[in-house]
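Enquirer: One structure coming up, written as structure tokens, with questions to follow.
The values are calculated or read from the model by the stated rules, or taken from the named source; none is laboratory data. Just so we're clear, the structure is a prediction, and the values are computed from it rather than from any experiment. Cβ placement follows ideal geometry from the backbone for every residue including glycine, while neighbour counts extend to all protein chains displayed.
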Amino acid sequence: MKKAKEGHVYMKLDRMKKVSGGAAKKARSLGVHRKVALAYRSRRLVGGVILLCVAAWFVNKNLATRDVEPKCWFCSAGEQAEAKGVVTKTECVSYGAKARTNEYRVEYAYTVNGRTYTGVGFQTGYIVLEKSPVTVDYSVKDPSCSCIRDIRCAADNAMFTVLFGLPLVVIAILLVVSGARRIMRALWVIEHGSVAGASVGSITRKTETHMTGRVGVWRTAIKWIATCSFTDASGKNCHVKVGMPEGLLKKGDEVKIVYDPGMPENAIAIGALPWFVKTDPPLAR
């Protein structure tokens with residue numbers, strides 16, 4: 001391996017399988033900060049965290065739990081009646097880049113059979129003035145569940161958020177948990193694994209095509225995968241695949257790797273680790 005380019009060799013740390021565990025003693029240790037910093041190499045973990053942030057933004061923007069009770073989420077599916085109401089309060093809850101994208105929370109009141117009820121709706125684009133008359137559609141079964149006609153209902157808003165936001169949250173949690181488990185396995189290999197020298201064998205070329213930032217523009221990327229062979233402590237022949245830029249490795253080069261003694265297929269090229277991964281005692285490079 002070329003010393004000057006060691007840091008450019010890479011291997012996805014989220015491909016680690018289960019670790020062997022057992023009674024192995026810790027041979028070296030990583031600092032807490034380095035462990036956290038290394039987590040960014042897991043696409044699953046990073047993708048899950050980003051998806052959780054998107055889901056949180058989506059829920060915060062659309063779910064108004066203080067404005068609606070669960071019993072009202074499906075009130076529009078039953079028989080409805082019409083009543084005259086009046087707007088009691090209007091406030092802007094979200095400012096957009098332009099005035100027509102502002103979102104307003106509209107409180108209103110209406111009377112059914114001599115009893116006064118209140119409700120909340122949301123309007124985007126223009127403000128509904130206070131004391132303006134409105135038409136209210138309410139549930140015959142439960143008059144307290146209602147919506148202003150032609151204005152987004154808080155109940156529909158909540159139901160939409162749950163139906164579309166819940167799958168995002170579930171997927172994000174699965175990605176985070178899966179990515180975290182695999183990173184923990186990689187950290188276990190780094191701290192408990194044995195160091196060995198691997199010899200570069202076959203080198204294959206892999207072509208990937210993906211879209212760039214501009215729609216309709218495709219870019220072709222070429223990756224090179226080197227299959228490195230090593231012998232573990234028991235004498236078993238094992239292999240590890242290392243991704244690399246073109247021309248970095250050639251057949252016969254020596255690559256230092258760290259592997260799980262109980263599961264040698266869990267191996268990481270030491271040159272693939274970021275520069276900040278420093279152990280005590282040092283991991284031989």
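Enquirer: Taking segment 176-217 only, how many residues are at pLDDT below 80 and under 25 Å from Phe230 (Cβ atoms)? Steps first, please.
Expert: In the first step, residues of segment 176-217 are kept if they are at pLDDT below 80; the result is 206-217.
Subset that is under 25 Å from Phe230 (Cβ atoms): 206.
Number of matching residues: 1.
Enquirer: Now a separate question. Which of (1) among the aromatic types (Phe, Trp, Tyr); (2) over 30 Å from Ala284 (Cα atoms); (3) modelled with pLDDT of 80 or more does Tyr126 not meet, given it meets every other one?
Expert: (3)
Enquirer: If you don't mind, another one. Quick one: how many residues across segment 100-120 are more than 14 Å from Val136 (Cα to Cα), without any contact (Cβ under 8 Å) to a residue 40 or more places away in the chain and surrounded by 11 or more Cβ atoms within 10 Å (Cβ to Cβ)?
Expert: Looking only at that region, the number is 4.
Enquirer: Here's another thing I want to ask about it. Within segment 53-75, track down each residue that is over 25 Å from Glu130 (Cα atoms), part of a helix (DSSP H, G or I) and modelled with pLDDT under 90.
Expert: Val54, Ala55, Ala56, Trp57, Phe58, Val59, Asn60, Pro70, Lys71, Cys75
Enquirer: From Thr101, Thr90, Thr135, grab the single residue that is farther than 29 Å from Trp57 by Cβ and of a type in the set (Ser, Thr, Tyr). Explain how you work it out, then say what you get.
Expert: On the way: Thr101 fails: farther than 29 Å from Trp57 by Cβ; Thr90 fails: farther than 29 Å from Trp57 by Cβ.
Checking each option against the conditions leaves just Thr135.
Enquirer: Quick check on my filter: what residues within segment 121-148 are exposed (fewer than 13 other Cβ atoms within 10 Å of the Cβ) and in contact with an Asp or Glu (Cβ under 6 Å, 6 or more places away or on another chain)? Steps first, answer last, please.
Expert: Just the residues of segment 121-148 that are exposed (fewer than 13 other Cβ atoms within 10 Å of the Cβ), to begin with: 125-126, 129, 131, 133, 140-141.
Passing the criteria: only Val140.
Enquirer: On to the next question. Cβ-Cβ below 8 Å, separation at least six or inter-chain, first residue in segment 230-246 and free of Cβ contacts under 8 Å to residues at least 12 places away in the same chain, second in a strand (DSSP E or B) and surrounded by 18 or more Cβ atoms within 10 Å (Cβ to Cβ): which pairs?
Expert: Note: pairs meeting the criteria are Asn237/Phe230.
Enquirer: Do you know which residues across segment 1-48 are surrounded by fewer than 13 Cβ atoms within 10 Å (Cβ to Cβ), of a type in the set (A, V, I, L, M, F, W, C) and either modelled with pLDDT of 85 or more or within 15 Å of Ile268 (Cα to Cα) (or both)?
Expert: Correct list: Val32, Val36.
Enquirer: Checking Ala172 against (1) under 15 Å from the mean Cα position of the chain (by Cα); (2) free of Cβ contacts under 8 Å to residues at least 24 places away in the same chain, which single condition isn't satisfied?
Expert: With (1) under 15 Å from the mean Cα position of the chain (by Cα); (2) free of Cβ contacts under 8 Å to residues at least 24 places away in the same chain applied to Ala172, the lone miss is (2).
Enquirer: For Val93, which of the numbered conditions (1) within 30 Å of the chain's Cα centre (by Cα); (2) part of a strand (DSSP E or B); (3) surrounded by 15 or more Cβ atoms within 10 Å (Cβ to Cβ) fails to hold?
Expert: Exception for Val93: condition (3).
Enquirer: Let me ask something else about it. Scan segment 115-137 and give yes if some residue there is among the aromatic types (Phe, Trp, Tyr) and more than 27 Å from Val162 (Cα to Cα), otherwise no. Step through it out loud before you land on a result.
Expert: We begin by selecting, within segment 115-137, every residue among the aromatic types (Phe, Trp, Tyr); these are 117, 122, 126.
Filter again for more than 27 Å from Val162 (Cα to Cα), leaving none.
No, every residue in segment 115-137 fails to be among the aromatic types (Phe, Trp, Tyr) and more than 27 Å from Val162 (Cα to Cα).
Enquirer: If Asn266 meets every condition in (1) loosely packed, with under 15 Cβ neighbours inside 10 Å; (2) assigned to a strand (DSSP E or B) apart from one, which number is that one?
Expert: Of the numbered conditions (1) loosely packed, with under 15 Cβ neighbours inside 10 Å; (2) assigned to a strand (DSSP E or B), the odd one out for Asn266 is (1).
Enquirer: Taking into account only those residues within segment 234-285 that are of a type in the set (Lys, Arg) and farther than 20 Å from Lys18 by Cα, which is modelled with the lowest pLDDT?
Expert: So in segment 234-285, the residues of a type in the set (Lys, Arg) come out as 236, 241, 250-251, 256, 278, 285.
From the residues that got through so far, the ones that are farther than 20 Å from Lys18 by Cα too are 250-251, 256, 278, 285.
Numbers: Lys250: 85, Lys251: 87, Lys256: 88, Lys278: 87, Arg285: 60.
Checking each candidate, the answer is Arg285.
Enquirer: When only residues in segment 140-156 that are of a type outside the set (A, V, I, L, M, F, W, C) and touching a strand residue (DSSP E or B) at 6+ places or on another chain (Cβ under 6 Å) count, which is nearest to Val106 (Cα to Cα)? Break it down stepwise before answering.
Expert: The first filter runs over segment 140-156 and keeps only residues of a type outside the set (A, V, I, L, M, F, W, C), leaving 141-144, 146, 149-150, 152, 156.
Now drop any that are not touching a strand residue (DSSP E or B) at 6+ places or on another chain (Cβ under 6 Å), which leaves 143-144, 146, 149, 152.
Values: Pro143: 18, Ser144: 16, Ser146: 13, Arg149: 12, Arg152: 10 Å.
If we take residues in segment 140-156 being of a type outside the set (A, V, I, L, M, F, W, C) and touching a strand residue (DSSP E or B) at 6+ places or on another chain (Cβ under 6 Å), then Arg152 is nearest to Val106 (Cα to Cα).
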